[in-house]
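The values are calculated or read from the model by the stated rules, or taken from the named source; none is laboratory data. Everything numeric here is computed off the predicted structure, so don't read it as measured data. Ideal geometry is used to build each Cβ from the backbone, glycine not excepted, and the neighbour counts take in all protein chains shown. To get the accessible areas, we keep the full protein, side chains included, count just its heavy atoms, and leave off ligands, DNA and RNA. Shrake-Rupley method; radii C 1.70, N 1.55, O 1.52, S 1.80 Å.
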Amino acid sequence: MSARAARLAGARILMTTDAVGGVWQYACDLAAQLAAGDCEVTLALLGPAPGEALRAELPAGVRLIETGLPLDWLCDGPGEVQTAARALAGLAAETGADLVHCNSPALAGAAAFPVPVVTVAHGCIATWWQGARGGPLDPALGWHAERVRRGLTGSAATVAPSAAFAAMLAATYRLPCSPVVVHNGRPPAPAIAGEVHRFHAALSVGRMWDPAKNAAVLDAAAAQCGVRLLAAGPLRGPRGEQARFAHAVALGTLPGACLAELLQLRPVFVSAATFEPFGLAVLEAASAGCALVLSDIPTFRELWDGAALFVPAQDAAGFAATIDRVHRDPELRWRLGEAAHGRAQRFTPAAMARGMAAIYAPLLKTRAVAA
């Protein structure tokens, strides 16, 4: 056992999560790795309760506490965030946590925690606004940006899932230094037995109600494509946001197993996102060997340059033409799929856990000495 692993063994970690987006998969994958290394992990759920399909993904040996606390980005003011943060700090004391892994920067800076806090930023309103809306942030949301700034500057360590998003955070909040980069990871896709069926469709996956996923461009591209464009993911958001498709085929939210089976058919995977701190759906598609057609944004360039084709995010005709080009050229489709699959091997839960363990270890040093 390495010195670092020995220092983590037996550590009690309280980690926030939610069931609205990719943070659930991130937290479950990381918690599973930490639990396998003899850490005691408790997941504190914020926001709506997970459905049965998500509950089934909870790793063995990992405790889930449904706090009933709100998600910070759904709060109407700083008072709600502060109340939630204080409750989370109390939960850290109640569970005997040695460290809090907070996946919500706004909460990290809104209360005094009894143990070190590692803050991981998966997104925030101010950076999302830049990608989805453009222009200056609505002044009515300035309070949230201030809470996030306090969380990022006041934590024992701050982390971002990509260098592009770390740079965006540093510029947006004028941070004295950029967050540490620890790429997200997902388990590798199941091996495919026999000859791969070349599925004659394109697929996009994500929270389609989120304007940053660019559903309107996807739908316009679908109207010009020579193949069907399928859109998997929720159409209605928690505040009543609604995505509508006239040309793309809306599949709604698919269970994880169904989505994995669909990806095994290796459709051309498309993301027209205008804002993406990492992009777990792209990673899952790449792991399955799908050819990738992605919006030309800094995060996707960082992670997938040389393993994908890129299109300006608002260019619906460009997406349609690129999708058709890949479908008409089986050799190109195969090469892109193999390149994406190879690149995906870098982004595993084990690699993610090693990166986070390197951040946790120094903060747990005093616990190890005291023990």
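Using only the Cα atoms, work out Rg/Rh for the chain, with Rh taken as the Kirkwood radius, to two decimals. Don't skip to the end; give the middle numbers.
Details: Rg = 20.5 Å, Rh = 21.2 Å.
With Rg and the Kirkwood Rh in hand, the quotient comes to 0.97.
Most mobile of ALA93, ALA140, ALA201 per a Gaussian network model of the chain (Cα springs, under 10 Å)?
ALA140
Picking from SER104, GLY237, GLY51, whose Cα lies most toward the positive end of the charge dipole for the chain (charges on Cβ: Lys, Arg +1; Asp, Glu -1)?
Checking the options against the dipole of the chain, the answer is SER104.
Counting only protein heavy atoms and a 1.4 Å probe, tell me what percentage of segment 248-292's accessible area is made up of carbon and sulfur.
Heavy-atom surface of segment 248-292 belonging to carbon and sulfur, 1.4 Å probe: 62 percent.
Once the piece of chain linking ALA351 and HIS200 is laid out straight, how much longer is it, given 0.36 nm per residue of separation minus the C-alpha distance between them?
Length gained, ALA351 through HIS200: 51.0 nm.
What relative contact order, as a whole-number percentage, does segment 1-142 give when Cα pairs under 8 Å and 6 or more residues apart are counted? Kindly include the intermediate steps, with their values, before the conclusion.
Details: 211 pairs, mean separation 31.4, N = 142.
With pairs under 8 Å counted, the relative contact order is 22 percent.
R0 = 22 Å: FRET efficiency of ARG335 with ASP296, Cβ-based, nearest 0.05?
0.65
How far apart, in nm, are two points set 7 Å out from the Cα along the Cα-to-Cβ line at CYS258 and at ALA53?
According to this spin-label approximation, the distance is 0.5 nm.
Going from most exposed to least, what order do THR119, THR158 have by accessible area with a 1.4 Å probe?
From most accessible down to least: THR158, THR119.
As a test of understanding, state the convex hull volume per residue of segment 99-141 from its alpha carbons, in Å³.
64 Å³
Mind pulling the angle between the C-alpha long axis of helix 330-344 and the longest principal axis of the chain? Nearest 10 degrees, somewhere in 0 to 90.
So the inclination is approximately 10 degrees.
What's the angle, to the nearest 10 degrees (0 to 90), between helix 215-224's Cα axis and the longest principal axis of the chain?
On a 0 to 90 degree scale, this one is about 20.
Springs between alpha-carbon atoms under 10 Å, Gaussian network over the chain: tell me which of TRP24, TRP129, TRP304 tops the mean-square fluctuations.
TRP129
What number, in percent, do you get for the relative contact order of the chain if the mean sequence gap of Cα pairs under 8 Å and at least 6 apart is divided by its residue count?
About 15 percent, as a whole number.
Of TRP128, TRP209, TRP73, which has the most accessible area with a 1.4 Å probe, and how do the rest follow in descending order?
Values: TRP128 50, TRP209 25, TRP73 75 Å².
Order by accessible area, largest first: TRP73, TRP128, TRP209.
Given the Cα-Cα distance of GLN314 and ILE65 and 0.36 nm per residue of separation, how much length would full extension add, in nm?
85.5 nm
Whole number in Å², please: accessible area per residue of segment 95-166, 1.4 Å probe, ligands, DNA and RNA not counted.
It amounts to 32 Å² per residue over segment 95-166.
Using +1 on the beta carbon of Lys and Arg, -1 on that of Asp and Glu, and nothing else charged, what's the dipole of segment 1-127 about the Cα centre, debye to 20?
360 debye
Using a 7 Å offset from the Cα along the Cα-to-Cβ direction at both LEU175 and ALA250, what is the distance between the two label points in nm, to one decimal?
3.6 nm
For q = 0.14, 0.16, 0.20, 0.25 Å⁻¹, what log10 I(q)/I(0) does segment 109-209 give under the Debye formula with an equal point scatterer on each alpha carbon and no solvent?
One equal scatterer on each Cα of segment 109-209 leads to -0.68, -0.81, -1.08, -1.41.
Read phi for every residue in segment 129-139 and hand back ³J(HN,Hα) as whole Hz from Karplus 6.51 cos²θ - 1.76 cosθ + 1.60, θ = phi - 60°, with x for Gly and Pro.
After applying 6.51 cos²θ - 1.76 cosθ + 1.60, I find 4, 4, x, 8, 10, x, x, x, 5, 3, x Hz.
Kindly write out, for segment 286-302 in residue order, the coupling ³J(HN,Hα) from the Karplus curve 6.51 cos²θ - 1.76 cosθ + 1.60 (θ = phi - 60°), rounded to whole Hz, with x marking Gly and Pro.
Once rounded to whole Hz, the list reads 5, 4, 7, x, 6, 5, 10, 10, 10, 5, 8, 10, x, 4, 5, 4, 4.
Considering only the chain, what is the antiparallel percent among its DSSP beta bridges, to the nearest 5?
Around 0 percent of the beta bridges assigned by DSSP in the chain are antiparallel ones.
Taking 0.36 nm per residue of sequence separation and subtracting the Cα-Cα distance, how much length would be gained by fully extending the chain between THR83 and ASP138, in nm to one decimal?
Here the segment from THR83 to ASP138 would lengthen by 17.5 nm.
What whole number of Å gives the distance from the Cα centroid of segment 313-358 to the Cα centroid of segment 37-87?
When both Cα centres are located, 31 Å separates them.
Kindly list the residues of segment 56-71 that lie in the label zone of ARG150, defined by a backbone N under 18 Å from the point 7 Å along the Cα-to-C-beta vector.
Counting backbone N atoms under 18 Å from the label point, the list is 70-71.
Once you list every other residue whose beta carbon is under 12 Å from the beta carbon of THR322, what net charge do they have if Lys and Arg are +1 and Asp and Glu are -1?
Working: positive: ARG325, ARG328, ARG333; negative: ASP296, ASP315, ASP324, ASP329.
Every neighbour counted, the sum reads -1.
Return one whole number: the accessible area per residue of segment 173-317 in Å², for a 1.4 Å probe.
Details: 6060 Å² over 145 residues.
Heavy-atom accessible area per residue stands at 42 Å².
Most mobile of ILE65, ILE297, ILE13 per a Gaussian network model of the chain (Cα springs, under 10 Å)?
ILE65
Leaving ligands and nucleic acids out of the surface, order ARG335, ARG207, ARG147 by accessible area at 1.4 Å, largest first.
The residues order as ARG335, ARG207, ARG147, largest area first.
When the dipole is taken about the Cα centre of the chain, and only Lys, Arg (+1) and Asp, Glu (-1) are charged at their Cβ, what size is it in debye, to the nearest 20?
Taking the Cα centre of the chain as origin, the dipole is about 520 debye.
Taking Rh as the Kirkwood radius computed over C-alpha pairs, what is the Stokes-Einstein D of segment 42-135 at 20 °C in a medium of viscosity 1.002 mPa s, expressed in µm² per second?
After rounding, the answer is 148 µm²/s.
How many times 2.2 N^0.38 Å is the alpha carbon radius of gyration of segment 213-371?
Working it through for segment 213-371, the quotient is 1.21.
Roll a 1.4 angstrom probe over the protein heavy atoms and tell me the percent of accessible area of segment 1-147 that is carbon or sulfur. Can you show the working numbers first?
Numbers: 3020 of 5790 Å².
Heavy-atom surface of segment 1-147 belonging to carbon and sulfur, 1.4 Å probe: 52 percent.
Tell me, what are the semi-axes, in whole angstrom and largest first, of the equivalent ellipsoid of segment 213-260 as set by the roots of 5 times the Cα gyration tensor eigenvalues?
Working from the Cα gyration tensor, I get semi-axes of 19, 16, 7 Å.
With axes computed from alpha carbons, what is the tilt in degrees of helix 78-94 against the longest principal axis of the chain, rounded to the nearest 10 within 0 to 90?
Compared with the principal axis, the helix lies near 60 degrees.
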